[in-house]
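The values are calculated or read from the model by the stated rules, or taken from the named source; none is laboratory data. Just so we're clear, the structure is a prediction, and the values are computed from it rather than from any experiment. Because the Cβ atoms are built from the backbone with ideal geometry, glycine has one as well, and the counts that use them run over all protein chains shown. Ligands, DNA and RNA are excluded from the accessible area calculation, which covers all protein heavy atoms including side chains. Shrake-Rupley method; radii C 1.70, N 1.55, O 1.52, S 1.80 Å.
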Amino acid sequence: RQGPAFRDIDMFNGYVDSNYICFPYETQRTGIYAAGGVRRSLTVEDSIEDAAGATLKISAGANAGDDLAVIPGLDAGAGNIELNASGGDASVGGEVIANRLTTTVGGNLSVSTRVNHLNVTAGGGDVTIDQEGDLVIDYLELQAGSLDLTVNGNVTINTLVGHATSFKITVLGDHTIT
């Protein structure tokens, strides 16, 4: 809804961003969900708790050749990140930091991570993951291509399905495959 215009513009040094009032439920139409201090005033502890349930979702189109490239790293803190490039390749230029990373790609995946949990569905390309710290792979599905996984820490693999042309896992700690 539209609110009344600000009458005391001098109070804001002559600048007014908008006279629209935005509510969290309105952000759902755009796929951008309000979280944290956007919704209400929060203490640091409240902000950490609120972010823990948040998920950052980034998607490319579902057509063949619709690639997803994220140039900087992504830091969701204790939150989750979903990357979807079901029609093409996905790569992140910097490190991905999150509690859980979920990726769906139709082609190649290349990412450096510092996550606690990983879910990957790869439709036919090469998968290269370089993980810093302990990792639980809840689900890893490959339909072709190669897997090159390096974990600088302990790793637990719960579900591994599909097939790959080559398969390389380097673990610089303990490992468990269930």
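In the range 158-178, the residues that are closer than 16 Å to residue 118 by Cα form Cβ pairs under 7 Å with partners that are among the charged types (D, E, K, R) and surrounded by 12 or more Cβ atoms within 10 Å (Cβ to Cβ), at six or more places apart or across chains, as follows: 158/138; 159/138; 161/141.
Checked against the criterion of being part of a strand (DSSP E or B) and either more than 24 Å from residue 57 (Cα to Cα) or modelled with pLDDT under 95 (or both), the candidates 113, 102, 150 yield just one match: 150. Residue 78 satisfies every condition listed in (1) open to solvent by 40 Å² or more (accessible area, probe 1.4 Å); (2) part of a strand (DSSP E or B) except (2). Quick one: is residue 174 modelled with pLDDT under 90 and charged (D, E, K, R)? Considered against the rule, which asks whether it is modelled with pLDDT under 90 and charged (D, E, K, R), residue 174 comes out as yes.
Taking the conditions exactly as written (under 24 Å from residue 168 (Cβ atoms) and open to solvent by 50 Å² or more (accessible area, probe 1.4 Å)), does residue 95 satisfy them or not? Spelling it out, residue 95 is indeed under 24 Å from residue 168 (Cβ atoms) and open to solvent by 50 Å² or more (accessible area, probe 1.4 Å). Summed over the range 120-151, residues that are among the polar types (S, T, N, Q) and either surrounded by 20 or more Cβ atoms within 10 Å (Cβ to Cβ) or within 18 Å of residue 66 (Cβ to Cβ) (or both) total 3. If we keep just the residues of the range 153-169 that are in a strand (DSSP E or B) and open to solvent by 50 Å² or more (accessible area, probe 1.4 Å), which is nearest to residue 87 (Cα to Cα)? Out of the qualifying residues, it is 162. Taking residues in the range 74-90 that are closer than 14 Å to residue 56 by Cβ, and partners anywhere that are open to solvent by 10 Å² or more (accessible area, probe 1.4 Å) and in a loop (DSSP other than H, G, I, E, B), the pairs with Cβ atoms closer than 6 Å and at least 6 places apart or on different chains are 79/54.
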